[in-house]
Amino acid sequence: MSTTAAAPLPPQANRQRKALVLFSGGQDSTACLAWALDRYAEVETLGFDYGQRHRIELDCRQTVRREIAAQFPAWGAKLGEDHVLDLSLLGQISDTALTSERAIELQANGLPNTFVPGRNLLFLTFAATLAYRRGASVLVGGMCETDFSGYPDCRDNTLKALQVALSLGLDTPMTLETPLMFITKAETWALTQRLGGPALNALIAEHTHTCYLGERGQRHDWGYGCGHCPACELRARGYQEFVAA
């Protein structure tokens, strides 16, 4: 689903466009990568190194890209360059459970202390800058306000406003696509099942990384992780609902 209020382009028009996917190496961004590869003529990927506690996700990115290209040749033909930007300054000015070794808990403002203020705003601004240079007119991100931790920069209204600001600031239309915005984690598993069948879901469970603590020692049905951080709990619950449906 696009955050834009404009009428959606016909499928044949989308297939002439180039997209840049914000790709962390996690389940949601891998779902978005498959979604984009199914729709656009060419797809590049962008990751960010911001001093995240679960930095192992950066190591998973290349494995996921290789496996997608090998197992889905039609998508592999569309998969373009990968980029990683150093945003370590964000980690330096943040005081969160995602950028330092501390317990994950709710704060007085009701948000979990895994919230990194401004993260998605910065990510999408840098992504739009790169997309402009690379000739891409679509940004794809895994932001969601259905099954999520309450982060304000994951909400649809935030991204609608940012899409307008980026398009005005670059003086060129920049579409922000958020295919997971209004679906649950169970529906995300169903989406990837529709896109790539059981093989894609198996790839996601085996090779992606979503756990906030960076744990890859224990393999669950839904993938690797500590099993008790908010990201693992959301992923596990979504998988259970998906297989029970």
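The values are calculated or read from the model by the stated rules, or taken from the named source; none is laboratory data. As the structure is a prediction and not an experimental result, all values here were calculated from the model. When we count neighbours, we look across all protein chains shown, and the Cβ atoms used for this are built from the backbone with ideal geometry, even at glycine.
Residue count for the range 145-179 under the criterion of being surrounded by 18 or more Cβ atoms within 10 Å (Cβ to Cβ), among the hydrophobic types (A, V, I, L, M, F, W, C) and under 18 Å from Ala19 (Cβ atoms): the result is 5.
Taking the criterion of being surrounded by fewer than 16 Cβ atoms within 10 Å (Cβ to Cβ), in contact (Cβ under 8 Å) with a residue 60 or more places away in the chain and over 24 Å from Leu124 (Cα atoms), the only residue of the range 58-92 that qualifies is Gln71.
Of all the listed residues (Thr158, Thr172, Thr188), the sole one being hydroxyl-bearing (Ser, Thr, Tyr) and closer than 21 Å to Thr30 by Cα is Thr188. The residues of the range 120-148 that are among the aromatic types (Phe, Trp, Tyr) and modelled with pLDDT of 95 or more amount to a single one, Tyr132. Among the residues making up the range 35-57, a single one is touching a strand residue (DSSP E or B) at 6+ places or on another chain (Cβ under 8 Å), surrounded by fewer than 19 Cβ atoms within 10 Å (Cβ to Cβ) and in contact (Cβ under 8 Å) with a residue 40 or more places away in the chain: Arg55.
I need the full set of residues from the range 14-34 which are at pLDDT 95 or above and surrounded by fewer than 22 Cβ atoms within 10 Å (Cβ to Cβ), in order please. Selection gives Lys18 alone.
Here is a yes/no grid of residues against (1) assigned to a loop (DSSP other than H, G, I, E, B); (2) touching a residue at least 60 places away in the same chain (Cβ under 8 Å):
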| residue | (1), (2) |
| --- | --- |
| Leu166 | no, no |
| Thr172 | yes, no |
| Arg194 | no, no |
| Ala205 | no, no |
| Tyr212 | yes, yes |
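Any chance the range 214-226 includes a residue that's in contact with a strand residue (DSSP E or B) (Cβ under 7 Å, 6 or more places away or on another chain) and not acidic (Asp, Glu)? Yes, the range 214-226 contains at least one residue that is in contact with a strand residue (DSSP E or B) (Cβ under 7 Å, 6 or more places away or on another chain) and not acidic (Asp, Glu). If the condition is being of a type in the set (Val, Ile, Thr), over 20 Å from Gly135 (Cβ atoms) and either within 14 Å of the chain's Cα centre (by Cα) or at pLDDT 95 or above (or both), then the range 35-65 contributes Thr63, Val64. Considering the range 180-191 alone, what residues qualify as being within 19 Å of Ala231 (Cβ to Cβ), surrounded by fewer than 23 Cβ atoms within 10 Å (Cβ to Cβ) and in contact (Cβ under 8 Å) with a residue 60 or more places away in the chain? Matches in the range 180-191: Met181, Leu191.
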